[in-house]
Amino acid sequence: LEFDERMREEAKEALTYPIILVFTGIAAIAFIFSFVVPRFAGMLQGRNVDLPLLSRWVLSTGVYVHEHWVGVIIAMIVVVAGGYALSHHAKAGATVLRSLSRIPLMSNWVAGGETARWTSMLSVLVQSKVPILMCIELASASVQLPENSVRLKSVEDDVRRGKRFSSAIEDRHLLEGTSLTMLKVGEKSGQLGAMLSYVARYTADKHRALQRRIVALIEPISILVIGLALGVIMVGVVMAMTSLTEIKL
């Protein structure tokens, strides 16, 4: 419980600034479409001006948002409220997590969190002298991705048939490299619980480091996307204003 709570708080803390940045950018774009662009559209109204496609799209969008600003605000509130509700819904959260696990960079972040979760659970149970089969069963119930739960249950079946725990973990590719070596050492030395605790901390540290890198990427990408959107709007408006010099009589 402490581990899950810590992971959630760290994720919230890391994503706070990017979320504020995104919502601020959306608010700025909505303001420009609602109040700035319609003024330029009004200046061109009734004039026989051949507008570029980009300008027509920007001005028409601005006029639409200005005329239906109540509906736009309601839609934004519904989207925010729906996202908040889904974030607190277990099945929706699992669906989002599965989707993230298929994205190249995010997949490593999700996998690291899952590994830290079940190794942390196993270390507590093993050090509490819980039978290993029950430890694996409870650990398989603690993970959020169904495929990881299935792999851990397969490990439980292998151990029940007499296979070494570390060998079953290796065959299912649940751990590798240093973490797998530490698990084998702990199994042979009779310090499996302590080694699992080290593996959990090591994996959690890697998870935090990757999380920081992802957040560091989200911030410039958000700024780039918002800046690009604002730039497209301003270019469309400027192209529309320059078209005034080409009025057809």
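The values are calculated or read from the model by the stated rules, or taken from the named source; none is laboratory data. This structure is a prediction, so every number in the text was calculated from the model and none was measured. Ligands, DNA and RNA are excluded from the accessible area calculation, which covers all protein heavy atoms including side chains. Shrake-Rupley method; radii C 1.70, N 1.55, O 1.52, S 1.80 Å.
Just subtract the alpha-carbon distance of Arg6 and Ala141 from 0.36 nm times their residue separation and send over the number in nm, one decimal.
46.7 nm
Mean 1/r over all different Cα pairs, inverted: what Kirkwood radius does region 132-249 give, in Å?
Details: mean 1/r = 0.0539 Å⁻¹.
When all Cα pairs of region 132-249 are included, the Kirkwood radius is 18.5 Å.
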message = Among (1) 36; (2) 28; (3) 52, only one was calculated for this model; which label is it, if the read-out is percent of Cα pairs over 28 Å apart?
response = (3)
remark   = Judged on accessible area alone, 1.4 Å probe, highest first, Tyr198, Tyr84 line up as Tyr84, Tyr198
task = Compute the acute angle (0 to 90°) between the alpha-carbon long axis of helix 132-142 and the principal axis of greatest extent of the alpha-carbon atoms of the chain; round to the nearest 10°.
result = 10 degrees
query = Ordering Asp158, Asp4 from largest to smallest accessible area (1.4 angstrom probe), what's the sequence?
reply = Asp4, Asp158
ask   = Just how far, in whole angstrom, is region 176-212 from region 3-75 if you go by their alpha carbon centroids?
value = 46 Å
query = Expressed as an acute angle from 0 to 90° and rounded to the nearest 10, what is the orientation of the C-alpha long axis of helix 177-189 relative to the principal long axis of the chain?
reply = 20 degrees
Residue-level accessible surface for Met43, protein heavy atoms, 1.4 Å, Å² = 100 Å²
message = What is the angle, in °, between the Cα long axis of helix 146-160 and the longest principal axis of the Cα atoms in the chain? Nearest 10 is fine, range 0 to 90.
response = 10 degrees
